[in-house]
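The values are calculated or read from the model by the stated rules, or taken from the named source; none is laboratory data. Since we're looking at a predicted model, the values are computed, not measured. So basically every Cβ, Gly included, is an ideal-geometry build from the backbone, and we count neighbours across all protein chains shown. Keep in mind that these areas ignore ligands, DNA and RNA; they rest on the heavy atoms of the full protein, side chains included. Shrake-Rupley method; radii C 1.70, N 1.55, O 1.52, S 1.80 Å.
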Amino acid sequence: MSVKVLTIAEQKDGKISNVSYELICVAKKIGGEIMTACLAESADSIAGELAARGGGKVLAVSNPALKYFNDDIYGRVITELIKKYQPQLVIGPATFYGKALLGRLAALNDGAMVSDITALKSEGDVISATRPTYGGNIIADITGEPEKTIFVTVRPKIFDESRDGDGDVVTETIDAALFESKATVKEMVVETGQSVNLAEADIIVSAGRGVRGPENIPLIQKLADALGAALGASRAIVDAGWIAYSHQVGQTGKTVNPKLYFAIGISGAIQHLVGMQTSKTIVAINRDKDAPIFNIASYGIVGDLFEIVPALTAKFEAGS
Ligand SMILES: Cc1cc2nc3c(=O)[nH]c(=O)nc-3n(C[C@H](O)[C@H](O)[C@H](O)COP(=O)(O)OP(=O)(O)OC[C@H]3O[C@@H](n4cnc5c(N)ncnc54)[C@H](O)[C@@H]3O)c2cc1C
């Protein structure tokens, strides 16, 4: 049986986020009929990019109310698409937006929800998802009931981006009443200094309590800038008010999976590790040779970060 799969593309400021192409890659692996929901203020102009990269039937919904993500409106509009196209599997990103939206969609459609998955497979009409649980100590395989639509959020950076494939844009007309909500998002304010999204970053440079105070965050930011990286943080320095919560990596922050992760002045508490231990390469800088972070580091540098970080920054700025 061919599975009908609907991926939910994510856009910001009218630009498709790269994670949307990772969702298409997951849908291709399932091997069924692929559809992609593209909601935006002006969706037709960006839906073509999804179609060109294998998004299948790209369902373009345009409305001024879709300019900013609003889970109430997005939830109702996508539910209309689900009723019309009857997918067995709905795939969204495990990002800030996807986490808010997919749980709501599962509830609205009486479906089954599996969050933050790292693998997905289908055998006949049985779909199974794999997700790390209990802080990554258990890898759970979760199988859906065939009669229920399964909603999954996919951990960013696990799958490659789909580069090409079949696709057509279908312009959808949705009842105007569905674009009304009691909640209105009036504007999105981008936090200064957070130019790269942590969940999507290929390189993350994270600071911990070893940096001693907020006056030293620019030292770490400089290294991040030299590498074109996003700036991450341990909870200790978020709680201390040295940096905003949006930078926090870990159990109560963001789960990240970059190609390269620098842990600078971070001890390696389990609550931090669960948010970053799947990074492809981990570089730890710590003056304590017994710090737990070295147990998972690919490369460890034992020493004073105030000497090592400027030296590394200078090297990277020089391009060597
Ligand atoms: C329910 C719960 C949820 C939590 N969620 C999170 C979470 O999401 N993310 C998170 O990060 N934490 C989380 N924590 C907190 C976590 O337990 C740790 O307290 C925190 O991660 C420690 O942060 P840190 O490594 O920056 O600080 P510390 O543990 O104080 O480590 C600082 C490190 O810096 C090193 N250092 C000091 N000076 C230098 C120097 N000059 N050069 C080099 N190294 C130096 C020290 O050797 C030390 O290893 C959570 C805790 C709980 C209970």
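Once Rg and the Kirkwood radius are both taken over the C-alpha atoms of region 8-86, their ratio Rg/Rh works out to 0.94.
Of all beta bridges that DSSP places with both ends in the chain, some 20 percent have antiparallel geometry.
Dipole size in debye (nearest 20) for region 17-81 around its Cα centre, Lys and Arg Cβ +1, Asp and Glu Cβ -1?
Working: 6 positive and 8 negative charges, 47 e Å.
Dipole about the Cα centre, nearest 20: 220 debye.
Think of region 74-128 as a dipole: +1 on every Lys or Arg Cβ, -1 on every Asp or Glu Cβ, centred on the Cα centre; then among G92, A112, S122, G92 lies furthest on the positive end. Among the trypsin sites (Lys or Arg not before Pro) in region 147-181, those located in a DSSP loop and surrounded by at most 15 other Cβ atoms within 10 Å of their own Cβ are K148, R163. Comparing Cα centroids, region 1-42 and region 99-126 end up 14 angstrom apart. Summing +1 for each Lys or Arg and -1 for each Asp or Glu among the other residues whose beta-carbon sits under 12 angstrom from that of V205 gives -1.
The magnitude of the dipole of region 11-165, with charges of +1 and -1 set on the Cβ of Lys/Arg and Asp/Glu and taken from the Cα centre, is near 220 debye.
Across region 130-208, the convex hull enclosing all Cα atoms gives 291 Å³ per residue. For the chain, the relative contact order works out to 15 percent when only alpha carbon pairs closer than 8 Å and six or more residues apart are counted. Please give the net charge around L6, taking every other residue with its beta carbon less than 11 angstrom from that of L6, where Lys and Arg add +1 and Asp and Glu add -1. Once all neighbours under 11 Å are counted, the net charge is +2.
Considering every Cα-Cα pair within region 120-170, what fraction, in whole percent, is farther apart than 15 Å? Result for the distance tail: 63 percent. Taking every Cα-Cα distance in the chain and sorting them into 20 Å bins from zero, the calculated P(r) comes out as 31, 52, 16, 0 percent. With all protein chains present, how much of the accessible area of the chain (probe radius 1.4 Å) comes from carbon and sulfur, to the nearest whole percent? Here it works out to 50 percent. Ordering I24, L227, V238 by Cα displacement along the dipole of the chain toward the positive end leaves V238 in first place; charges were set at the Cβ atoms of Lys, Arg (+1) and Asp, Glu (-1).
As a rough guide to protection, the peptides 63-69, 272-278, 254-260 ranked by mean Cβ packing within 10 Å, highest first, stand as 272-278, 254-260, 63-69.
Among D141, D71, D44, the sequence by solvent-accessible area, most first, with a 1.4 Å probe is D141, D44, D71. Rg and Dmax of region 21-65, based on Cα coordinates, read 10.8, 34 Å. About its Cα centre, the chain has a charge dipole of approximately 580 debye under the convention of +1 per Lys or Arg Cβ and -1 per Asp or Glu Cβ, with nothing else charged.
When a/c reaches 1.5 or more, the comparison of a/b and b/c decides; with that in mind, is region 175-320 rounded, prolate or oblate per its Cα gyration tensor?
Taking the square roots of the gyration eigenvalues as a ≥ b ≥ c, region 175-320 is prolate.
Over the chain, accessible surface divided per residue gives 46 Å², non-protein components excluded, 1.4 Å probe. Compute the separation of the alpha-carbon centres of region 134-173 and region 219-272 and state it in Å as a whole number. Going from one Cα centre to the other spans 27 Å. The value given for region 253-320 is a Kirkwood hydrodynamic radius of 12.4 Å, derived from the mean inverse Cα-Cα separation.
If you count, for each residue, the other Cβ atoms within 10 Å and average over each peptide, how do 177-188, 200-211 line up from highest to lowest?
With the highest mean Cβ count within 10 Å placed first, the list reads 200-211, 177-188.
Ordered by packing density, taken as the mean number of other Cβ atoms within 10 Å over each peptide's residues, highest first, how do 75-84, 229-238 rank?
Result, highest mean first: 229-238, 75-84.
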